[in-house]
Amino acid sequence: MICCFCFLSPAIKAGFLLEKTMENERNSEIAMAYSRTVRPWTSLGLEPPSISVIEVARRAGISNPATVAGEVARGEIIFSSNGNFGSRLILEDIKGNQVENLEEAAIKAAPYKRAVKEADYRSRAPGGGPVVKRRVNERSLKRKLTQLGKGRLRVNIEAYDEDAERQRERDETKQRLELRWAGRSPIDRSPIIMQTEATLSLIRRISEKRGITDEIELTERIKTNIELGQPQTVLAIWGPPYEKQGYEDVFGVESPEERMATGIISAVNQLQETTEIKLVILYADYYGTDINGLSIGEVENYGQQIKARFEDVGKFISLSQLKDSNVARYNTVRNSLPAVVVEPDEEEVRKATIMQYKLGFTATREQGVKLARAYRTERIIEGTILQEGFLWEGCSYSNIIKLGTAPSRTNDEPYEAQLSRFYVSGMPRAAWNMPR
């Protein structure tokens with residue numbers, strides 16, 4: 001076999017090797033800097049905490065923290081190794097979740113006010129016109145948010161099995177090749193199985209690591225709909241506004257809502273390449289009005305803008321109306337829930353109390369427990385209904401798969417563990433919890 005590297009000029013070869021050498025040295029410096037930082041814990045046999053990118057960069061003598069974030073995000077820096085087993089550095093967001101999309105995680109972590117101050121400004125409106133109040137340059141602001149936010153991300157470690165990692169890469173390559181040559185083989189394969197595998201492969205490709213729940217059930221639902229000749233229902237939850245952002249200009253340029261809407265539509269359009277998709281946006285208005293006490297008018301107006309945004313691409317259903325249309329089933333599920341199942345834990349009570357504080361209310365512990373119990377009960381019932389299917393305007397929606405819009409899979413797991421779900425890598429989520 002002739003290596004293409006052999007045909008490169010000596011200067012290009014030298015430059016390439018120098019670049020790789022510098023990269024390896026930088027990664028070694030990052031690993032050593034992290035090791036020195038967590039030594040107070042590791043020397044005592046304790047699990048080290050996550051360390052800020054800025055701190056690792058400072059100890060490594062790297063002036064730009066974004067460089068450290070980028071190198072760690074690639075997942076190639078080994079922290080410790082014992083044969084094929086060891087640990088490698090991973091990048092986490094401000095909530096402790098492993099980063100799948102570096103730019104998105106950085107923007108969420110960035111100090112917004114500081115980024116605005118440091119961004120470039122323009123003194124005229126787009127397209128010209130008279131001098132007006134200074135306006136921030138959006139592109140400059142985005143760059144500054146990304147730059148500052150990368151330094152606020154966290155470095156942690158995860159177990160690493162080199163053999164298992166190589167086998168996983170081989171399996172993925174094999175699956176891609178099998179899919180590419182499906183239909184070209186002399187073996188007669190079922191068109192339904194081929195279409196199902198193509199759809200599942202696409203979902204795997206766009207989903208984050210460990211971003212698919214119960215892949216066997218998800219596959220069966222896709223296959224069933226293909227066999228029946230009906231579209232695959234993909235349902236996405238959208239919550240009411242919890243950050244006092246109001247309901248005016250919800251889908252303005254680069255608003256959290258617009259970014260999330262674009263992400264949902266992009267994911268659905270990709271799935272349309274392999275099978276017909278019916279998108280359903282389920283607006284969780286009930287949680288805002290009946291559980292958290294938001295203004296009915298504000299929740300309804302926010303919902304109307306969501307409905308208008310997805311009018312041409314999907315179905316909009318509000319949870320309160322869905323409950324009314326399936327009231328008998330809702331009551332049956334509610335009455336069958338054991339008291340111990342709907343009893344909230346301390347973390348759920350804490351979140352319920354914080355939510356009330358954000359909305360301008362004060363909740364006692366007793367009120368927090370009551371709110372958390374109501375939320376937990378509704379989430380479990382909702383998860384059961386979506387798992388089984390529901391009726392809406394005379395149509396049956398069954399074999400549903402859910403496109404996750406919660407910050408991570410762990411947010412949904414306690415309430416809908418049986419519901420087939422997938423979480424798209426890098427897709428903006430939980431727009432209702434983002435200030436505009």
(message) Once R0 is set to 60 Å, what does the formula 1/(1 + (r/R0)^6) return for the Cβ-Cβ distance between E217 and N64, expressed as a FRET efficiency to the nearest 0.05?
(response) 0.85
(request) Would you mind checking which residues have amide H under 5 Å from I277's amide H? H placed 1.01 Å from N; only 5 or more apart, or other chain. (result) Q232
(request) Using the Karplus curve 6.51 cos²θ - 1.76 cosθ + 1.60 with θ = phi - 60°, work out ³J(HN,Hα) for each residue of segment 39-44 in order, rounded to whole Hz, and write x for Gly and Pro. (result) 4, x, 8, 5, 5, 9
(message) Going by amide H atoms built from the backbone, whose H comes under 5 Å of the H on S52, apart from near neighbours?
(response) V155
(request) Return the subset of K209/K315; K113/K307; K307/K402; K315/K402; K142/K402 for which the Cα-Cα distance in this structure is over 21 Å, preserving the input order. (result) K209/K315; K113/K307; K142/K402
(request) Pull up all non-local amide H partners of S318: gap of 5 or more, or a different chain, and H-to-H distance under 5 Å with H placed in the peptide plane. (result) Y283
(message) Past the 32 angstrom mark, what percentage of all C-alpha to C-alpha distances in segment 171-433 do you count?
(response) 25 percent
(request) For an R0 of 51 angstrom, estimate the FRET efficiency from the Cβ-Cβ distance between E273 and I296 and round to the nearest 0.05. (result) 0.80
(request) Give the cross-link partners of K351 among the aspartates and glutamates, using a straight C-alpha distance below 15 Å as the criterion and excluding same-chain residues fewer than 8 apart. (result) E243, E343, E366, D412
(request) Would you kindly state how much longer the chain becomes between V341 and S396 on full extension, computed as 0.36 nm times their sequence separation minus their alpha carbon distance, in nm to one decimal? (result) 17.0 nm
(request) In whole Hz, with x marking every Gly and Pro, tabulate ³J(HN,Hα) for segment 224-230 from phi via Karplus 6.51 cos²θ - 1.76 cosθ + 1.60, θ = phi - 60°. (result) 4, 5, 5, 4, 7, x, 10
(request) Kindly write out, for segment 285-293 in residue order, the coupling ³J(HN,Hα) from the Karplus curve 6.51 cos²θ - 1.76 cosθ + 1.60 (θ = phi - 60°), rounded to whole Hz, with x marking Gly and Pro. (result) 5, 4, 5, x, 7, 8, 9, 9, x
(request) Scan segment 250-321 for GluC sites (Glu not before Pro) in coil per DSSP, keeping those whose Cβ has at most 15 other Cβ atoms within 10 Å, and list them by number. (result) E254, E273, E276, E311
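Only the coordinates and a few stated rules stand behind these numbers; no lab work does. Just so you know, these numbers come straight off a predicted model, no measurement behind them. Note that we place each Cβ from the backbone using ideal geometry, even for glycine, and neighbour counts take in every protein chain shown.
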